[in-house]
1. Mind checking which of Tyr245, Tyr140, Tyr182 has the largest fluctuation in a GNM of the chain, springs on alpha carbons under 10 Å?
2. Tell me the per residue accessible area of the chain using a 1.4 Å probe; a whole number in Å² is fine.
3. Measure off, as a whole percent, the carbon and sulfur share of the 1.4 Å-probe accessible area of the chain, all protein chains present.
4. Which residue, Ala166, Ala149, Ala70, tops the fluctuation ranking in a GNM of the chain built on C-alpha contacts under 10 Å?
5. Where the Cα atoms of the range 117-159 are projected onto their three principal axes, how long is each span, largest first, in whole Å?
6. Given Cβ point charges of +1 (Lys, Arg) and -1 (Asp, Glu) and nothing else, what value in debye, to the nearest 20, does the dipole of the chain about its Cα centre take?
7. In whole angstrom, note down how far apart the Cα centers of the range 211-251 and the range 1-77 are.
8. Suppose R0 equals 45 Å; then what is the FRET efficiency for Thr222 and Lys201 from their Cβ-Cβ distance, rounded to the nearest 0.05?
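The values are calculated or read from the model by the stated rules, or taken from the named source; none is laboratory data. Bear in mind that the values here come from a model prediction, so they are computed numbers and not experimental data. Cβ coordinates were reconstructed from backbone atoms using ideal geometry, including for glycine residues, and neighbour counts include every protein chain displayed. In case anyone asks, the SASA skips ligands and DNA or RNA and just uses the protein heavy atoms, side chains included. Shrake-Rupley method; radii C 1.70, N 1.55, O 1.52, S 1.80 Å.
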Amino acid sequence: MLNFYQIAKNTFRECLREPIFFILLVSALTLIGLFPSMCLFVFREQIKLVIDSSMATTLVFGLLSAVLCASHTVAREMRNGTVLLLMSKPVHRWSFVAAKIGGIIAALILFVLICNAAALISLKIAKDQFQLNYTMMTIYFVLIALSAAVGGFRNFHAQASFSSGAIFTLLIVIPLMALVCYLLPGDQHDDTVISMINLVKAQVLLFFSVCTMGVITVTLSTRLDMIPNLTVSAVIFFLGLLSGYLCNLDTGNVFINSLLGLLYLVLPNW
C-alpha cells in the first residue's frame, strides 16, 4: 500500500510539473473566460451557449491532458527503462499501473475542478444578452496572470516548479472567486440561478467522464506512444459522442443491429 501511495504521489507531482499541463489549463481557462463576449446578441440564449461551450472545452482539454500526462509518466518511463528499475523492487505490475491511474486521475480532477469553477464565473459574467460584467471579467484574467506571476516568483527564489506553483495558486483563487461571485448581493435572475444549479449537476458527471478518459489513456499508454495513444483516444472519444445515435440506428439487419448494440455497451457514452 505504501508503494502504491508513493508512486501515485510522484505521478501526481510529475503531471503538475509538466509545462504542457499548465498551458492546456490556462488555454481552457482563457477560452471559458472569453465565451461570454462571444455570446452577445443571441436572444437570451447566452447562458446556454456559455454552459455548453465551457463543458465542451473542459471535456476536450481534459482528454488532451489525460493523453499527455499518461504519455509523459508511463510511456516515457517504459521507453527510458525506469519501469524496469522499479519492477526490480517488490512492486507488482498491477500496483504500478493502478498507482499511475490514481495519480493521473488526481491531476485530472484538479484540472476539471478549476475549469468548473471558471465556468461558474463565466456564467456570472454573462448576466444579460446585451451586457457583460466587465469588472468581474477583468478580475478573472488578472487572477490568471497573478497565478503565473506567483509561479514565476517561486521558481526564481525557491527553485520550485513554475507549473505546479501556478496551478496550485489557480486552485485557490479561481474557486474562491467563484464562491465570492455567488455570495455577493446583486441581481439574481431566475434563469441564471436555475442554470447554475443544472450546471453544477452536469459538472459532477463531467468529473466521471474525464476520469474515465484518464483510465483509458493510461491503459493505452502501456502499449502505445503519445501520438498513437492520442489517435486511438480521439477515435474512442468521437465514437462515444455518437454512441446514442448508433444505439437507436435501425439498419434493417439483425446482425448489424446486434453489433451496434454491442458497440454501445463497450463505448463510454459521453
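1. Fluctuation is largest for Tyr245.
2. About 52 Å² of surface per residue is accessible.
3. 71 percent
4. Ala149
5. 46, 17, 8
6. Dipole of the chain, to the nearest 20 debye: 900 debye.
7. Taking the Cα centre of each part, the range 211-251 and the range 1-77 sit 17 Å apart.
8. 0.85
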